[in-house]
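Some notes on the structure that comes next.
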Amino acid sequence: MLLVAAAALIFSSGYGQDKFLRIGPKIGVSSTNLSVKDNIEDIRMKNGDAKLGFHAGVFARLSIAGFYIQPEALYTSAGGRVLLDSLNSVSQVTKNYTLNKFDVPVMVGAKFANFLRVQAGPVFSMILNHDAKEDLKGSFAEIGEDWKNATVGYQVGLGLDIGSLILDFKYEGNLSKVSDQINIGGNSFSSDFRNRQLILSLGINLL
């Protein structure tokens, strides 16, 4: 009964006011994948299974008259899996990519019933480092990618405010490529790598 009463108190406090300023830490998990397209002769590339990612950082939110802007600064680990195979199926490889980024989403949204939010906005990303591990079958020439240093994307989603807790569920897509060239055996080919995420995060308002 005490737990139920405490939860009710926290929940009801979320209805009582729409604070002008919220600020605090934010953490979360994501399901990430790489969307790939290519024009490589005799080699087929396709998306693999999604990977589990995570993020951590801080957020701030300015609210007025039911609308708000919420910038965030996050360290993000994302990536995905890509399957490559020769058309004769002699050689196959699964590459597991990890991209560590510094993300700055800037969400603009509207609030309803003082607890439900809808939001959308750009996300600016700086790729800090990357890693790729290969699961080889047969023999493939050395494979490498030319990664971009920064990308621009977008996020859309829903949010809930419950007392001091802030929940966000968002989809992230890329407006620019994370890589546009792949190198196989010393030869370069045009490609289109874009990182996409389903994001679930929890923030705590400290004000």
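The values are calculated or read from the model by the stated rules, or taken from the named source; none is laboratory data. The structure presented is a predicted model; accordingly, all values stated were derived computationally and were not measured. No Cβ is skipped: glycine too gets one built from the backbone with ideal geometry, and neighbour counts run over all protein chains shown.
Scan segment 73-84 for residues that are of a type outside the set (Gly, Ala, Ser) and under 13 Å from the mean Cα position of the chain (by Cα) and jot them down. Of everything in segment 73-84, those that are of a type outside the set (Gly, Ala, Ser) and under 13 Å from the mean Cα position of the chain (by Cα) turn out to be LEU74, TYR75, THR76.
Among the conditions (1) at pLDDT 85 or above; (2) charged (D, E, K, R); (3) over 14 Å from the mean Cα position of the chain (by Cα), the only one that GLU172 does not satisfy is (3). Of all the residues in segment 175-185, those that are modelled with pLDDT under 75 and outside any strand (DSSP E or B) number 1.
Here SER191 clears all of (1) in a strand (DSSP E or B); (2) in contact with a Gly (Cβ under 9 Å, 6 or more places away or on another chain) except the condition numbered (2). Every condition in (1) farther than 27 Å from PRO122 by Cβ; (2) modelled with pLDDT of 95 or more is met by LEU74 except one, and the failing one is (1).
Of everything in segment 51-68, what is free of Cβ contacts under 8 Å to residues at least 24 places away in the same chain and assigned to a loop (DSSP other than H, G, I, E, B)? Give them in sequence order. The answer is ALA65, and nothing else. Pairing residues of segment 28-44 that are within 13 Å of ASN96 (Cα to Cα) with residues that are modelled with pLDDT of 75 or more and part of a loop (DSSP other than H, G, I, E, B), at Cβ distances under 8 Å and at least 6 apart in sequence or on separate chains, gives THR32/ALA50; ASN33/ASP49; ASN33/ALA50; LEU34/VAL178.
May I ask you to verify whether ILE162 is surrounded by 15 or more Cβ atoms within 10 Å (Cβ to Cβ), at pLDDT 95 or above and not small (Gly, Ala, Ser)? Spelling it out, it is not the case that ILE162 is surrounded by 15 or more Cβ atoms within 10 Å (Cβ to Cβ), at pLDDT 95 or above and not small (Gly, Ala, Ser). The C-beta contact set for segment 69-84 (first residue in contact (Cβ under 8 Å) with a residue 24 or more places away in the chain, second residue surrounded by fewer than 22 Cβ atoms within 10 Å (Cβ to Cβ) and not in a strand (DSSP E or B), distance under 6 angstrom, 6+ apart or interchain) comprises ARG81/GLY48; ARG81/ASP49; VAL82/GLY48; LEU83/GLY48.
Just one of the numbered conditions (1) at pLDDT 85 or above; (2) in contact with a Gly (Cβ under 6 Å, 6 or more places away or on another chain); (3) crowded, with 18+ Cβ neighbours inside 10 Å is not true of SER125: (2). Restricting to segment 110-122, what's the tally of residues that are out of contact with any Leu (no Cβ under 9 Å at 6 or more places or on another chain) and in a strand (DSSP E or B)? Going through segment 110-122 one residue at a time, the tally reaches 5.
The number of residues in segment 89-122 being farther than 20 Å from ASN149 by Cα, surrounded by fewer than 18 Cβ atoms within 10 Å (Cβ to Cβ) and of a type in the set (Val, Ile, Thr) comes to 4. Residues that are crowded, with 22+ Cβ neighbours inside 10 Å and within 21 Å of TYR154 (Cβ to Cβ): does segment 58-67 have at least one? Yes - at least one qualifying residue is present in segment 58-67. Would you say VAL82 is modelled with pLDDT under 95, surrounded by 14 or more Cβ atoms within 10 Å (Cβ to Cβ) and over 22 Å from GLN197 (Cα atoms)? No; evaluated as a whole, the condition is false for this residue.
Answer yes if at least one residue in segment 186-197 is at pLDDT 95 or above, in contact with a Phe, Trp or Tyr (Cβ under 8 Å, 6 or more places away or on another chain) and closer than 22 Å to LEU74 by Cα, and no otherwise. Checking segment 186-197: not a single residue is at pLDDT 95 or above, in contact with a Phe, Trp or Tyr (Cβ under 8 Å, 6 or more places away or on another chain) and closer than 22 Å to LEU74 by Cα.
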